[in-house]
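Chemist: Just passing along the structure, written as structure tokens.
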Amino acid sequence: MRSPRPFLAPTALGCCLLLLAGCGGGGFAGDSQAKQSEGGQVTVRMLVNITPNLTQAYWDGLVKPFEQANPGIDVKVEAPTGKGVADTLPQQLAAGNAPDVVETLTADETLSKQMLDLTDQPWTKDTPLVKEASLGGRIYTVGVGVQAQSLVFYNKSAFEKAGIDKPPTTLDEFDAAMGKLKAAGWLPLQTGGEFLTGLQLLQFSGPSRAQLHPTWQQDVKAGKLKAGESLLPYLERYRTWIDKGYVDKNALGMKYADAETAFLSGKSAMYVMGSWFTAAEAKAKKDFEVSVFPAPVDKGQQYPGPQGATMAAPYMILKSTPNKDAALKLVQWLVTDPAAIKSQLKQDGNFRAGVEREFTPLDKQVQQILDSAPAGVPQGEGYGDATLPKGFNAAWNTEVQGLYVGKSPKEVAEGVDRWLAGRK
């Protein structure tokens, strides 16, 4: 699942990349060609995200067919040594030990300086969201599919027992549904600690916010809009959820994987998450049916609203790689080979136009939501030219968690805006 990734980007990443241009090891395509022409084995190091869906064993199995088809190339899949890929990459750059390929992150104005420009590679043109993720018309990031972000998964049995005959479409209806669920003995909404707290609120508020501020990231970056202030109404609503017991007041002590398990074991009625959750749901043993609806919107807004959309399984190649040709060959295979695409889409619950894979009933519902959404909009920090400073997601998450320990919504909003003001 890709969702954690936006919340693992520390501010140190930008600083490191600015200071360490060129660090990470020498050589370019010529070295790669020389090694291969001499019959030597070329090793391509690929730093990837490790999650309950995307395990080390999965990644190793994914690249095995590529290695078999390219006996001169050995792919070494590397798990993060820090909190995640965004934490590990700057550490490796600082140590002069950068990988050849990095998965999970997308290029921004700072990160792009370290990455290979793929604009002239013809195979990139038909990959998902490639134009949206470009910077100034240049391509640095390519991906496998698309992830829907603003989804509310729910326990159909819980809704039936609480007397809720249809999913809510407005925020007020959502609050009313949570009241009915609590009265019926359910924990209305599953959340947790780690990155999950802030992620869910961004996902949930996205369709409403996008209708009020269609170019939110650009406006915040340009100083035309304050992020925290614009999200204050959603922070105020969230605070009422804590006060009313609609979310667990001790949720910060629960890890992401445990929160997922709690919902799938029937301990809660709803779970805000991205489309990758469908992969976990398909594997879970349970005695109830899970369904999904688009996140509700403010009264009077269009429903469904714009759907948060992010690039699934994004890949970039380090400019400093000594194995440029082999790295290019690997990344091209990962995002264009039909079998590799289907495997990655299925494993992490992702979607790609024109690619048929085996859909679960829940997958089909998500696909319908994507098809009916009036637009797809960047989530959180965003991507391409619609990008906020690195670390925004983590800073937002920290501030949102403050609601659980006594901070007021206004204090949280002001904290977010102070963080952004310090990064201009």
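The values are calculated or read from the model by the stated rules, or taken from the named source; none is laboratory data. The model shown is predicted, which means the values in this text are computed figures rather than measured ones. Note that each Cβ is placed from the backbone with ideal geometry, even for glycine, and that neighbours are counted across all protein chains shown. Note: areas computed on protein heavy atoms with side chains; ligands, DNA, RNA excluded. Shrake-Rupley method; radii C 1.70, N 1.55, O 1.52, S 1.80 Å.
Chemist: Can you pull out every residue in the range 195-207 that is more than 14 Å from residue 237 (Cβ to Cβ) and either modelled with pLDDT under 95 or aromatic (Phe, Trp, Tyr) (or both)?
Modeler: 195
Chemist: Taking the condition among the hydrophobic types (A, V, I, L, M, F, W, C) and part of a loop (DSSP other than H, G, I, E, B), does residue 98 pass?
Modeler: Spelling it out, residue 98 is indeed among the hydrophobic types (A, V, I, L, M, F, W, C) and part of a loop (DSSP other than H, G, I, E, B).
Chemist: Within the range 226-235, is there a residue that is more than 25 Å from residue 180 (Cα to Cα) and among the acidic types (Asp, Glu)?
Modeler: Scanning the range 226-235, I find at least one residue that is more than 25 Å from residue 180 (Cα to Cα) and among the acidic types (Asp, Glu), so the answer is yes.
Chemist: Run down 331, 366 and say which single residue is open to solvent by less than 40 Å² (accessible area, probe 1.4 Å), more than 16 Å from residue 201 (Cβ to Cβ) and under 18 Å from the mean Cα position of the chain (by Cα).
Modeler: 366
Chemist: Would it be correct to say that residue 283 is more than 18 Å from the chain's Cα centre (by Cα) and either among the small types (Gly, Ala, Ser) or surrounded by fewer than 21 Cβ atoms within 10 Å (Cβ to Cβ) (or both)?
Modeler: yes
Chemist: For the range 293-319, give me each residue that is surrounded by 23 or more Cβ atoms within 10 Å (Cβ to Cβ) and in a strand (DSSP E or B).
Modeler: Hits for the range 293-319 are 294, 297, 307, 308, 309, 310, 311, 312, 315, 316, 317, 318.
Chemist: Follow-up question, since we're still on this one. Here are some conditions: (1) under 30 Å from residue 359 (Cβ atoms); (2) more than 16 Å from the chain's Cα centre (by Cα); (3) open to solvent by less than 60 Å² (accessible area, probe 1.4 Å). Residue 274 meets all but one. Which one does it not meet?
Modeler: Single failed check for residue 274: (2).
Chemist: Conditions first: (1) among the hydrophobic types (A, V, I, L, M, F, W, C); (2) without any contact (Cβ under 8 Å) to a residue 60 or more places away in the chain; (3) open to solvent by less than 40 Å² (accessible area, probe 1.4 Å). Residue 377 passes all but one, so which condition is the exception?
Modeler: (2)
Chemist: Right, something else. Given the conditions (1) open to solvent by less than 50 Å² (accessible area, probe 1.4 Å); (2) farther than 26 Å from residue 399 by Cα, which single one is not true for residue 173?
Modeler: Result: residue 173 fails condition (1) only.
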